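J.: I am attaching a structure below and will ask some questions about it afterwards.
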Amino acid sequence: SKWTGLAFKQFCNVFGFYSGMPANLFLSKSLGTAIILAAGLMRIPQIIRISLAKSSDGIAPMMFYLESMVMLNICGFARAHDLPFTLYGDNLLLTLQNVIIIAQMWFYNKQISFKHKAVWAIFGTFYSSLILGGAFSLRQF
């Protein structure tokens with residue numbers, strides 16, 4: 001149908017596929033796309049387990065904070081250098097899943113203080129807006 005063809009063209013545009021693409025580039029983009037799709041599913045089982053158990057016991061918040069910062073750095077670097085989405089999309093999806101897990105930890109773990117949550121929420125918002133907003137770019141130096 002017309003919608004299917006339009007959706008396929010949009011998919012090809014987003015992930016950088018085009019007609020007459022060399023085989024090695026096609027393989028690279030295909031693997032990058034597969035990694036992004038797999039990353040989109042990677043933390044789903046953990047999110048479901050936390051929701052079903054209504055507990056985040058045994059999960060270290062600091063690990064998710066730091067991992068999210070590292071992945072945001074990768075995304076910011078890739079955006080600043082106009083790299084294709086297939087090179088950093090997995091990091092973006094994993095960061096979004098980490099944010100969901102962090103929210104679950106904050107909701108279920110009553111030992112995490114409001115001050116702790118506020119500091120990390122403000123810092124995370126500020127940090128991600130600077131990194132992803134392009135405020136720090138190597139092009140400025």
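J.: Filter region 39-57 down to the residues that are open to solvent by 60 Å² or more (accessible area, probe 1.4 Å), touching a residue at least 24 places away in the same chain (Cβ under 8 Å) and either in a helix (DSSP H, G or I) or touching a Lys or Arg at 6+ places or on another chain (Cβ under 6 Å) (or both) and list them by number.
T.: To start, the set of residues in region 39-57 that are open to solvent by 60 Å² or more (accessible area, probe 1.4 Å) comprises 41-42, 44-45, 48-49, 52-54, 57.
Add one more test, that the residue is touching a residue at least 24 places away in the same chain (Cβ under 8 Å), and what stays is 42, 44, 54, 57.
Across region 39-57, the qualifying residues are 42, 44.
J.: Quick check, is residue 64 within 16 Å of the chain's Cα centre (by Cα) and surrounded by 11 or more Cβ atoms within 10 Å (Cβ to Cβ)? Show your work before the answer.
T.: On the way: within 16 Å of the chain's Cα centre (by Cα): yes; surrounded by 11 or more Cβ atoms within 10 Å (Cβ to Cβ): yes.
Yes: the conditions hold for residue 64.
J.: Within region 109-128, can you find the residues that are closer than 14 Å to residue 66 by Cα, touching a residue at least 40 places away in the same chain (Cβ under 8 Å) and among the hydrophobic types (A, V, I, L, M, F, W, C)?
T.: 120
J.: Right, something else. Only one of 97, 10, 111 is in a helix (DSSP H, G or I) and at pLDDT 90 or above; which?
T.: From the options 97, 10, 111, the qualifying one is 97.
J.: Cβ-Cβ below 7 Å, separation at least six or inter-chain, first residue in region 58-85 and within 25 Å of residue 116 (Cα to Cα), second open to solvent by less than 60 Å² (accessible area, probe 1.4 Å) and part of a loop (DSSP other than H, G, I, E, B): which pairs?
T.: From residues that are within 25 Å of residue 116 (Cα to Cα), the pairs are 61/112.
The values are calculated or read from the model by the stated rules, or taken from the named source; none is laboratory data. This structure is a prediction, so every number in the text was calculated from the model and none was measured. Glycine also receives a Cβ, built like all others from the backbone with ideal geometry; neighbour counts cover every protein chain displayed. Side chains included, ligands, DNA and RNA excluded: accessible areas come from the protein's heavy atoms. Shrake-Rupley method; radii C 1.70, N 1.55, O 1.52, S 1.80 Å.
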